[in-house]
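A short worksheet on the structure shown next.
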Amino acid sequence: MRRHLPIPQSGRRLRRLAAIAACLALSFAADTAMAQTGNQGAFPRTADGHPDLQGVWTTRWATPLERPPGIALALSPAEASQLYTRILSTPRGDPEEVAVRPPVQQTEVTGLVTIDGQGRSSLIIDPPNGRLPLTPEGRARLSKAPPGGNAGLEGPERRSTTERCLTGGAGYAPHLPMPSSNIRQIAQTPAYIMVHTESFSMARVIPLGPQGRPAPARGGSSTGHWEGDTLVVETSGFPEADDMRSGIVGSFPISPQTRMTERFIRTGPYEIRYRFTIEDPLLYTQAWTGESTFERSDERMYEFACHEGNYSMSGILGGARAEERHAGRN
């Protein structure tokens, strides 16, 4: 459950927030100027000439990861409306599998992602069929993934890290549309890019240039560089326990062999085109690519508070023990 609370005064969190604020203050001090980029429209640049990616952005899209069978990638307005209505009325999950989660709520999303004026039926743009090119191992791992990443009822350590208020996947690469984690603030300096996701107050710091790759973290370690006006970020070094990525409609497995390449392309004053490519010979028969957009938002970033102190964990585990006692009496 998400709650918006006053910023706490505890020393550790205060220092962390102060560090984020310092990065933001430094980045926003950069001089920006409007520059024309052909037919893509005007967008600001930083003092060192790169596209300015700073600001608050949202990815509140209902577009599924994989394309439903029988439809094209680019949709007409009528087709996009039909798919959006279908998503809002269909339980989440692969159409071929048993539904395990309720439909997407209209309050969670604003529609399908639109690129070049056309609604998209899937995030995946390659392979052309819009489906994950899974190996047998990849399919086995995806089919074994329980709803929400909950691995068991033996104890709290078997529950997902999100449920335990430790981490949330929304701040990791790639940045997928999420129901309650779709507000992100980007800060930028010549040496670093920071993507601060509201959910779990996750700050992903990406070094640029020759500083070197940071030590591997749960979300992998990332390094970035500019290719013309495109920010390219490469991420690898995922630990064994970091084995799944999930969006609002669709999930896919990752492994220590996974390599992700993200591309951030500023296409105008209100949009960043976001493209990511996944490579992993253990899980996929070929590299595959997804695409969406970051849209400029005037929403405010809030401190995220998890559900510490409520009854969820004790209720889940207490219910499991009660079921065990009941089964033992029968």
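Full extension of the chain between Glu79 and Ala42 yields a length gain of 10.2 nm, computed as 0.36 nm times the residue separation minus the alpha carbon distance.
Assuming charge only on the beta carbon of Lys and Arg (+1) and of Asp and Glu (-1), the dipole of the range 230-275 about its Cα centre is about 300 debye to the nearest 20. Solvent-accessible surface of protein heavy atoms, probed at 1.4 angstrom with all chains present, puts Tyr270, Tyr302 in the order Tyr270, Tyr302, largest first.
Summing Cβ point charges (Lys, Arg +1; Asp, Glu -1) relative to the Cα centre of the range 194-330 gives a dipole of roughly 220 debye.
Distance between the 7 Å Cα→Cβ label points at Thr289 and Cys165: 4.2 nm. Ranked from largest, the principal axis spans of the Cα set of the range 191-279 equal 37, 34, 28 Å. Projected over all directions and averaged, the alpha-carbon convex hull of the range 252-330 occupies 10.7 nm². Ligands, DNA and RNA excluded, the heavy atoms of Ser297 present near 20 Å² of accessible surface to a 1.4 Å solvent probe. Placing a pseudo-label 7 Å from each Cα along the Cα-to-Cβ vector at Ile71 and Gln257 gives an inter-label distance of 3.4 nm.
The values are calculated or read from the model by the stated rules, or taken from the named source; none is laboratory data. Only a predicted model underlies this, so the values are computations on that prediction, with no experimental measurement involved. Note that we place each Cβ from the backbone using ideal geometry, even for glycine, and neighbour counts take in every protein chain shown. Accessible surface is based on the protein model in full, side chains and every heavy atom, while ligands, DNA and RNA are left aside. Shrake-Rupley method; radii C 1.70, N 1.55, O 1.52, S 1.80 Å.
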